[in-house]
1. In whole angstrom, note down how far apart the Cα centers of the range 108-133 and the range 145-199 are.
2. Using the Kirkwood radius over Cα pairs, work out the Stokes-Einstein diffusion coefficient for the range 1-160 at 20 °C and 1.002 mPa s, in µm²/s as a whole number.
3. For Lys114 and Glu37 in the same chain, what is the full-extension length gain: residue separation times 0.36 nm, less their Cα-Cα distance, in nm?
4. Which net charge results for the neighbourhood of Ala274, defined as the other residues with beta-carbon distances under 13 angstrom from its beta-carbon, given Lys and Arg at +1 and Asp and Glu at -1?
5. Which whole-angstrom value gives the distance between the alpha carbon centres of the range 219-233 and the range 237-300?
6. For Lys131, which lysines qualify as cross-link partners when the Cα separation must be under 20 Å and same-chain residues fewer than eight apart are set aside?
7. Out of residues 5 or more away from Glu278 or on other chains, whose amide H comes under 5 Å of its own, with H placed 1.01 Å from N in the peptide plane?
8. Using a cut-off of 10 Å between beta-carbons, work out the net charge of the residues near His192 (Lys and Arg +1, Asp and Glu -1, His192 not included).
Amino acid sequence: MEWLNYHHLRYFWTVAREGSLARAAEKLRISQPSISEQIHELESALGEPLFRREGRKNVLTDAGQIVYGYAGEIFALGSELLNAVGQRSSARTLRLYVGVADSFPKLVTNEILKPVFSMSQPVHVICREGKMMDLVSQLATHRLDIILSDEPAPSNVNVKVFNHPLGETGTTFCAEKTLARSLKGRFPKSLHQAPALLPAENTPFRRTLENWFRELQIQPRVVAEFEDLALMKVMAAEGRGFIAVPSLAIRDAVDHYQFAIIGHADPCKVQFHAVTAERRMTHAAVALITETVRRKLDPI
């Protein structure tokens, strides 16, 4: 296909975003048969069906998901172009697509991305959270510039990616202030049988914590386990149990949730990795955050 009909792409994107032909037709002020016909022409040009029927609904196929992602980026870039020309902007906004593994601590993500927002060039950051394999697929199709993860990309992925160790940091244990005061005195033995809120099983951080507990013969009383680490911190702020936070992000945790520190465990190491589709990091924002983070962390 030499040319892409952007009118057809706009109709497809609107239907996918609105969730139905009827709502898309109302928004675009075009008849439903006309939209349907032009989506069929787009499918013929691409050689792939973009929707499939499930009951009374049209849902995106795998190809449709890919096209929908690209279409959103194309139209966002077009809008940015119009704004730049209208405002005679002296610097084009740099777009940074960041994939964040769902087990990666969000406070660490915030810490890692901080330097980007101080760049002289305007930056528009788009963060996508998900499972590692899904993020790697997006990286391979250039829908992401970088993935942040607490472990390298698995060796069995069927696409070529490059792992870049960023470094590692110790762990700090903290809790709501009253609970923290009761656990601080005999740390780390005070954590034995103390109420604990932990990351979900089989995550890298959970395995690190369990190894450290085992070495010190500590068995906390697990109150709850979380895939969503932000929810874990919200519940910890109510005094339901202590939590572990990578030391890199402890200042933000204390400031944001009003936690008190119980104690530091430097031997309990948490690792951080960047995954890219290129061996060399050519994206200016990607290079900046990796260089900055490496200065803050211990080498792996």
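1. That distance is 20 Å.
2. Values: Rh = 18.1 Å.
In µm²/s, the coefficient rounds to 118.
3. Working: separation 77, 0.36 × 77 = 27.72 nm, distance 4.63 nm.
Difference between extended and current length: 23.1 nm.
4. Working: positive: Arg279, Arg280, Arg294; negative: Asp145, Asp150, Glu151, Glu278, Glu291.
Here the charged neighbours net out to -2.
5. If we compute the Cα centre of each part, the gap is 18 Å.
6. Lys106, Lys160
7. The list, which skips near neighbours in sequence, is Phe162.
8. Working: positive: Arg186, Lys189, Arg221; negative: none.
Local charge sum for His192: +3.
The numbers here are math on the coordinates, done by the rules we state, and not lab data. Bear in mind that the values here come from a model prediction, so they are computed numbers and not experimental data. Glycine gets a Cβ as well: all are built from the backbone with ideal geometry, and neighbour counts include every protein chain shown.
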